[in-house]
Structure formats: C-alpha cells, structure tokens
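Q: Sending over a structure as structure tokens; questions will come in a sec.
The values are calculated or read from the model by the stated rules, or taken from the named source; none is laboratory data. Model, not experiment: these values are computed from the prediction. Reconstructed Cβ throughout: ideal geometry from the backbone, glycine too, with neighbour counts over all protein chains shown. Each accessible area value is taken on the protein alone, full model and side chains, heavy atoms only, with ligands, DNA and RNA left out. Shrake-Rupley method; radii C 1.70, N 1.55, O 1.52, S 1.80 Å.
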Amino acid sequence: MIFEFGATRPSLIFMRYLILLMLLIPSLGVAQDRKPSHCLAFAEAIPDAKFIHNASWQEDVPADSLRLTFIDHAMFLIQTEGGLSAVTDYVGYTPGIDIIPDVVTMNHAHSSHWTPNPDPAIPHVLEGWEHGGKADHHLDLGEMLVRNVPTDIRSRFGGPPEEDGNSIFIFEVAGLCVGHLGHLHHEPDAEQYAAIGRLDVVMAPVDGGLTLDIETMTRVLKRLRSSVVIPMHWWSDYSLNTFISGMRDEFDVVEPDTSSIELSMRTLPGRPTIMVLKPVYFNPPSFDD
C-alpha cells in the first residue's frame, strides 16, 4: 500500500498544480466568458524609455496610450485613446474637471472615498465592497478592462476588521496594467499578490497612518516593483518626503509641474520611478486652456 501511494503522489502533485493554475488564470478557469487579464502574465519594463507628460485632460489621448490625471486625495481620472474615462475613489463630484465618466470606482473606509448618491448618468458604478460578500468586478469595455482584488479594512471604532471592505482596482488599458490601492490597510497576502498580477503603474496612499504605515507601504511597492508609482492620499510634505526617502535606493523620483501624464508601453521608464503629480486644485487650468 505504501508503494502504491508513493507511485501515485506525482499525479496528485500535478493535479494540485493544475487546479492552482485554473484558479489564478481566468482563461483556464471556469470564467470562460471573461476576457483574460494580461496583467496576470509576466512582463518587463521597456528599457531606456521616457515619460510623456505636460498633458491636459481636455486633449485627445495619443494612440496606444492612456492619460492619468490626479484630481484630489485618492481620485484619479483615467482616459483612453477612444474616449473612455474612469474616476477612482469617486466622491460624487470631480473638482476642477467637468466630466461624467464612463466608470467610477469607490471604497467606503471613509466618506472621502465614496458617495451614496453617484450621478445616475454614470453608466458603471463599481463599489469596492459588498454587504454580505466580496465585490467581484470584471467590466470589459473593449479598450478598458476593470477588475478588483478585495482586501480587509480596520474597523473605525476598534472592533474586528471588516472583511473585503476595500478593493484594489486594476485598469487594463493600452497594454498597461494600472492599479489603484484604495484605502489599503494591510499588506496583501500571497493569494492577493497573485490576483493582482503585474502592475505597470500604481497609485499608492502614503499618509502613513490612516492607511498602511510608510514602512509597510514601501515594502509592498518594492515587491510590486511597478515602473511608475504615483503617491496619493497625503496631506503634508512630511509624509510624502518620508515615503520618498525610503524609496530612493531603488526608485528614481520625478516631480513634473503637472497634474496629468500620458503613458504607453513604449514610454515606461527603464528604472522604477516615483512620479509626484500635483492635485488639480494645486494646478488649476489658465483661462487660455
């Protein structure tokens, strides 16, 4: 009997490996009707490339590119070549930007990350939590795929954590994988890292207290090793500079005098780079814009 069990063990290992692949790769799993995520594949940043910036959210997006605009706090506007738009951690309005986006994502750790009354004209409202279960989004709009990875959040009043109360939203546009960490309260576990996959660009909260502490956030971002990191959710130069100081050994730092940047596969930097964008209210358009 021992010999027979030993002889079948390789087959058991193979079956477990196959099941794991089916769980991690949508194209092999049960969700055959879902567009496969290219962000779950491995990729390298293109060396010796440079950023395209000095962009304006009112202009057309160049071919094979996307535009990111830092609105405020944790809100970013993501725009595609074909005219699709998404706003992250939407609070009901977009200060400085007059637009009705095609997609909004929300998280409810704090009222500054969601609204109970989104504009009914918005076609797709994606909440990063769901009462009684996990939020599960896989919105395929052709040139934009939006999906989420749920994470837990701390209780506001010192109680037990709220399971799956936050979502990391991932936008797949122009061949790029863009992640918004939301109100992240803990380092992702192995399963969550696997579900995130590759992130070429990541928007990360660096307040150092209400979300992750700076040391843990630094560890998360160094593990993700995204080509572009955009700090968000900061209120003072102190927390921002503390974060940057802990990242300089592995990341370049660029501070363009702009709220918007345009990125493509061909313009990703060869070395991981922190891009410090100005919120729109710091950088209002002129009367000539």
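Q: Note down all Cβ pairs under 8 Å where the first residue falls in the stretch 61-84 and is without any contact (Cβ under 8 Å) to a residue 40 or more places away in the chain and under 15 Å from V276 (Cα atoms), the second is part of a strand (DSSP E or B) and aliphatic (A, V, I, L, M), and they're at least six residues apart or on different chains.
A: Listed pairs, sorted by first residue: M75/V87.
Q: Still on this structure: Being among the acidic types (D, E), modelled with pLDDT under 95 and within 17 Å of N107 (Cβ to Cβ) narrows it down to one of D237, D164, so name that one.
A: D164
Q: When the residues of the stretch 115-126 are narrowed to those that are open to solvent by 70 Å² or more (accessible area, probe 1.4 Å) and farther than 21 Å from V173 by Cβ, which ends up modelled with the highest pLDDT?
A: P120
Q: Can I ask one more? For the stretch 127-173, enumerate the residues that are within 17 Å of D102 (Cα to Cα), buried (at least 20 other Cβ atoms within 10 Å of the Cβ) and aliphatic (A, V, I, L, M).
A: M144, L145, V146, I170, V173
Q: Okay, moving on. Looking at the stretch 246-264, is at least one residue among the hydrophobic types (A, V, I, L, M, F, W, C), under 13 Å from V202 (Cα atoms) and at pLDDT 95 or above?
A: Checked against the condition, which is being among the hydrophobic types (A, V, I, L, M, F, W, C), under 13 Å from V202 (Cα atoms) and at pLDDT 95 or above, the stretch 246-264 yields at least one hit.
Residues are listed down the side, and each one gets a yes or a no for (1) more than 26 Å from R156 (Cα to Cα); (2) free of Cβ contacts under 8 Å to residues at least 24 places away in the same chain; (3) surrounded by fewer than 20 Cβ atoms within 10 Å (Cβ to Cβ):
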{"residue": "L176", "(1), (2), (3)": "yes, no, no"}
{"residue": "H186", "(1), (2), (3)": "no, no, yes"}
{"residue": "A204", "(1), (2), (3)": "no, no, no"}
{"residue": "K222", "(1), (2), (3)": "yes, no, yes"}
{"residue": "D237", "(1), (2), (3)": "no, yes, yes"}
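Q: Restricting to the stretch 209-220, name every residue that is assigned to a helix (DSSP H, G or I), open to solvent by 10 Å² or more (accessible area, probe 1.4 Å) and of a type in the set (A, V, I, L, M, F, W, C).
A: I214
Q: For the stretch 53-74, which residues satisfy the criterion of being open to solvent by 10 Å² or more (accessible area, probe 1.4 Å) and part of a strand (DSSP E or B)?
A: Hits for the stretch 53-74 are H53, D72.
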